[in-house]
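So the structure is just underneath, and the comments pick up after that.
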Amino acid sequence: MPATIWNSTDDQLSQAQAKITYLGEQTKLVPTVAFAVEGHKVAMVRFLSVQRSRRPYTNDESPYTKTFAVSRDEFKRMLSGVQPIVKSAAEGGQDFLSFSVVTGAGAALVGEECLIPRSQGKQFYAALLQSLSPANIEGQTIVRAQLKNVYPE
């Protein structure tokens, strides 16, 4: 089985990071949300090798991008929680949310961009929020804010 984000080892996950980018129509900017395992800073450039466009999305370059840290266990729970919901960008799909994940580093970098259609976005956010520790108030707050921006009703 080829290496994928879904079967990342603990060692690979120690350098993992992910981002959620809103790709739908917007009348005001919806800030991208990015997070990394504790001890590592988000490096947006690492996502370019796995994105379809190979260029940053408009929202990714905004000065309003929000970042936070998660434990390795939280990251594992997030991957497990969203795996049944997301579709690989390679499979095609609707452009509504992009969820990009990279693990490992250098030549050992493994990553994937997944797409979430509008119809499954709330389920996606619920899985992320459930995976975060209640003590991770910063992460909970940032993810809830993006959810509210994407689904204002």
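Add +1 for every Lys or Arg and -1 for every Asp or Glu among the other residues with Cβ under 13 Å from the Cβ of Val45, and state the total. Summing Lys and Arg as +1 and Asp and Glu as -1 gives +3. May I ask you to list the trypsin sites (Lys or Arg not before Pro) in the stretch 50-81 that are in a DSSP loop and have at most 16 other Cβ atoms within 10 Å of their Cβ? Passing sites in the stretch 50-81 are Arg52, Arg54. Its Cα centre serving as origin, the chain has a Cβ charge dipole (Lys and Arg +1, Asp and Glu -1) of approximately 240 debye. Gyration tensor analysis over the Cα atoms of the chain returns equivalent ellipsoid semi-axes of 21, 18, 15 Å (largest first, whole Å).
For the pair Ala108 and Tyr151 in one chain, pulling the backbone fully straight at 0.36 nm per residue adds 11.8 nm over the alpha carbon distance. Considering helices alone, the calculated mean residue ellipticity of the chain at 222 nm is -8500 deg cm²/dmol, with DSSP H runs of length four and up weighted by -39500 (n - 2.57) and normalised per residue.
For a quick check of your reading of the filter: which chymotrypsin sites (Phe, Trp or Tyr not before Pro) in the stretch 28-136 sit in a DSSP loop and have no more than 16 other Cβ atoms within 10 Å? If you can, show how the numbers build up before the last one.
Working: sites: Phe35, Phe47, Tyr57, Tyr64, Phe68, Phe75, Phe96, Phe99, Phe124, Tyr125; in loops: Tyr57, Tyr64, Phe96.
Of the chymotrypsin sites (Phe, Trp or Tyr not before Pro), the ones in loops of the stretch 28-136 whose Cβ has at most 16 other Cβ atoms within 10 Å are Tyr64.
Between Ser80 and Thr4, the contour length at 0.36 nm per residue exceeds the Cα-Cα span by 26.1 nm.
Where a number appears in this text, it was derived from the coordinates with a stated rule and is not lab data. These numbers come from a predicted model, not from an experiment. Note: ideal-geometry Cβ built from the backbone for every residue, glycine included; neighbour counts use all protein chains shown.
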